[in-house]
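The values are calculated or read from the model by the stated rules, or taken from the named source; none is laboratory data. Because the structure is predicted, anything quoted here is derived from the model rather than measured. In this analysis, Cβ positions are derived from the backbone assuming ideal geometry, glycine residues included, and neighbour counts consider all displayed protein chains. Remember, those area values only see protein heavy atoms, side chains included, never the ligands or the DNA or RNA. Shrake-Rupley method; radii C 1.70, N 1.55, O 1.52, S 1.80 Å.
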Amino acid sequence: MASEATSRSLLGVQDAEHPEWRPLLRVIKEALREAERPQWARLVPALEHPGRRGRPLLDGAVINIAPRLVGRWVRHILGIAAGAGTEAEPLARRVAAGWLDPLLLFESAVSQDVDRFHEVALVDRDYHGLLRGLASLIAMPMLQSCRRAWAERVPTDWAYGYCPICGGWPVLAEMRGLDGARHLRCGCCGGDWRTEWLRCPFCGEDDHEELGSLVSPDSLPRQTIEVCDRCGGYVKTITTLTPMRPEHVVLQDLATLVLDVVALEHDYRRPAAKGHEVAVSVVAEPSRLRDLLGLRP
Ligand SMILES: [Zn+2]
Ligand SMILES: [Zn+2]
């Protein structure tokens, strides 16, 4: 698959240039590979509403999941994260031992409800933002599949800073094409929505006195950081000729880490809270075999 091949080459370049990112790259690679599996497409729920008045399409979704697929995936990604030398080891051990329900972790991850994810995971501190990152990666195959199915259903006049599909904040902005239209991009589902040039995606500020931009001496040309002095947020901006592939947004986010460092040095931050609440219910599909045998779930 072309996108898979390109993802592999992007991952390869980053692996060679930044050996310190290998553990994280390994986990992202697994999530992107999993997102290509057709089984996830079958779990995409029916749309509950048309996404009007700022309501992300995922909000209110009821996902009938195949417990074996989701359980296998959660155990697998936690095992990879733990084996890659991250601090996910205690969580992976609890899930592997059956003390923690992988479906509950999955539900809170897909809702991008980091507080609930913390509660379910039984941790009271998120060391180095690890759990937030893990929650995004656990949710990624499901959210990328929803984006593939729903991309054409996003209202064309979506005017909000958060993702119209999953409600997450953008990780990047693209200044795209010859006319330089500004598009925001979601790292988790790959979502793509157009926005005005002078507007902070996080607080909606549009006063040019409050908005500015930074450049990094170490970054590639055509990469800047748009900052907002009202809320202290920032968004990395990349000039592109054609839309960045949805699966590559998470990789480009990692590849432009130097811009995050510059933003932090200037006291700008990504918002701690999520973009927009989304309520997602996960319902375990009864096994067909169990149905055939007439057994109770
Ligand atoms: Zn999204
Ligand atoms: Zn702002």
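Some values worked out for this structure:
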| item | result |
| --- | --- |
| Complete set of residues in the range 50-66 that are more than 16 Å from Gly191 (Cα to Cα), open to solvent by less than 10 Å² (accessible area, probe 1.4 Å) and either within 15 Å of ligand 1 (Cβ to nearest atom) or small (Gly, Ala, Ser) (or both) | Ala61 |
| Single unsatisfied condition, Ala135 versus (1) out of contact with any Asp or Glu (no Cβ under 9 Å at 6 or more places or on another chain); (2) closer than 30 Å to Val95 by Cα | (1) |
| Residues that are assigned to a loop (DSSP other than H, G, I, E, B) and open to solvent by 40 Å² or more (accessible area, probe 1.4 Å), drawn from the range 259-275 | His266, Asp267, Arg270, Pro271, Ala272, Ala273, Lys274 |
| Some residue of the range 146-155 being more than 20 Å from Trp40 (Cβ to Cβ) and not hydrophobic (A, V, I, L, M, F, W, C) | yes |
| Of all residues making up the range 173-208, the number that are more than 16 Å from ligand 2 (Cβ to nearest atom) and at negative phi | 16 |
| Selected residue (only one of Leu211, Leu241 is at negative phi and open to solvent by 90 Å² or more (accessible area, probe 1.4 Å)) | Leu241 |
| Candidate set: the range 216-238, residues that are within 16 Å of ligand 2 (Cβ to nearest atom) and among the hydrophobic types (A, V, I, L, M, F, W, C); chosen: the one most open to solvent (accessible area, probe 1.4 Å) | Cys231 |
| One residue from Gly204, Gly190 being crowded, with 20+ Cβ neighbours inside 10 Å and assigned to a loop (DSSP other than H, G, I, E, B) | Gly190 |
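Matching residues to (1) modelled with pLDDT of 80 or more; (2) surrounded by 14 or more Cβ atoms within 10 Å (Cβ to Cβ); (3) aliphatic (A, V, I, L, M):
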{"position": "Leu91", "(1), (2), (3)": "yes, yes, yes"}
{"position": "Ala96", "(1), (2), (3)": "yes, yes, yes"}
{"position": "Trp99", "(1), (2), (3)": "yes, no, no"}
{"position": "Gln112", "(1), (2), (3)": "yes, yes, no"}
